[in-house]
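Heads up, the thing below is written out as structure tokens.
The values are calculated or read from the model by the stated rules, or taken from the named source; none is laboratory data. Since the model is a prediction, treat every value here as computed from it, not as a measurement. Quick reminder, even Gly has a Cβ in these numbers, built from the backbone with ideal geometry, and neighbours come from all protein chains shown.
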Amino acid sequence: MERIISEQDRIRRAEEIAGRRKGTISARNINVTNTKKKMSILTKVFIQTVVSMCIFGLAYFLVQNKNSIIDNIRPVLGADIKIEQLYSELNNNLKSVTDWYNGFINNTDKNLQGVDETINNESINASNETNTENSIVENEVIEENTNETVGVGGSDENITLSQDEQDIAYIKENASIIVPLKGTVTSGYGPRTPTDIISANHAGVDIGANEGTEIIAAMEGTVELVSSYGDYGNHVKITNGEVSTLYAHCSVICVNQGDYVTQGQKIAEVGNTGRTTGPHLHFEISREGRTVNPESIIEI
């Protein structure tokens, strides 16, 4: 069955079809849309009015009842807000924070730089001290080697000197010594066959001479010792710096302890005192207590 359509509906449909064909909307639809928009705006206005009245009512209620919240915020609400002043203070605070941060960074960089410089300086100083110590040690080694070595046959080859050789070289260089008595060497320096009277190791040379023969100082110096004690009998010791000379088995000693004597001065006479087999002079040369062979220093 065909649906019965009213005359108005038929006209409306015809207009809609024609409007769609021409790209337009019917006047009725436009009126309906505008009406809906007006209704939507009125609704929003109504809602906003109601909300505003509620807020105002709540504020009025709080003010009338002197609520503590209002008392706390009233000074803030009543104060004059100066936007420029707030901006200026905020800007100054930001600037202060920025300056502090920049200063902190600069100080940190300086401190780190100072630490680096300190480390570098300490490293340089330690290196210099090490080099200086090494140089000192090398110089000492060179000096020691120079003092203890001597050329052989004029060549570049060197040998180490013994203590005895060093003492002999020192005495020859630093002391002037002459023969204290002209005579014959009856017993030389060093090891020998011992007896009840003769010692195993002879510390000097024995020069045979008649009793009473004059003995002179082989070198100048101070009389360090005058004694008659022990196997040496009457003996005298003369010292000059590190070098000493000793004269033993004397019959007479002509100087006293503490006297200063000159080279060639009479100091004693040949005798036969102490442990001896006959009159003679026992003559010693030493450096700091270490005896050397007198015949390596002088020709007797």
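Quick one: how many residues across region 234-260 are among the hydrophobic types (A, V, I, L, M, F, W, C) and farther than 18 Å from residue 294 by Cβ?
The number of residues fulfilling the criteria is 4.
Please state which of the following conditions residue 267 fails to meet, knowing it meets all the rest: (1) in a loop (DSSP other than H, G, I, E, B); (2) closer than 11 Å to residue 217 by Cα.
Failed condition: (1).
Residue-by-condition table, conditions (1) closer than 29 Å to residue 260 by Cα; (2) more than 59 Å from the chain's Cα centre (by Cα); (3) loosely packed, with under 13 Cβ neighbours inside 10 Å:
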| residue | (1), (2), (3) |
| --- | --- |
| 169 | yes, no, no |
| 178 | yes, no, yes |
| 197 | no, yes, yes |
| 219 | yes, no, no |
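Residue-wise test of (1) basic (Lys, Arg); (2) farther than 28 Å from residue 170 by Cα.
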{"position": "220", "(1), (2)": "no, no"}
{"position": "262", "(1), (2)": "no, no"}
{"position": "269", "(1), (2)": "no, yes"}
{"position": "275", "(1), (2)": "yes, yes"}
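Closer than 26 Å to residue 296 by Cα, touching a strand residue (DSSP E or B) at 6+ places or on another chain (Cβ under 9 Å) and modelled with pLDDT under 60 - does that describe any residue in region 214-232?
no
Just wondering, is there one or more residues in region 231-242 that are of a type in the set (Asp, Glu) and closer than 21 Å to residue 195 by Cβ?
Among the residues of region 231-242, at least one is of a type in the set (Asp, Glu) and closer than 21 Å to residue 195 by Cβ, which makes the answer yes.
Scan region 239-254 for residues that are surrounded by fewer than 22 Cβ atoms within 10 Å (Cβ to Cβ), out of contact with any Lys or Arg (no Cβ under 7 Å at 6 or more places or on another chain) and within 22 Å of residue 297 (Cβ to Cβ) and report the count.
Total satisfying the criteria: 3.
Hey, can you tell me all the residues within region 64-85 that are in a helix (DSSP H, G or I) and either of a type in the set (Lys, Arg) or at pLDDT below 65 (or both)?
68, 69, 70, 71, 72, 73, 74, 75, 76, 77, 78, 83
Give 116, 99, 109 a once-over and let me know the one that is surrounded by 10 or more Cβ atoms within 10 Å (Cβ to Cβ) and modelled with pLDDT of 70 or more.
99
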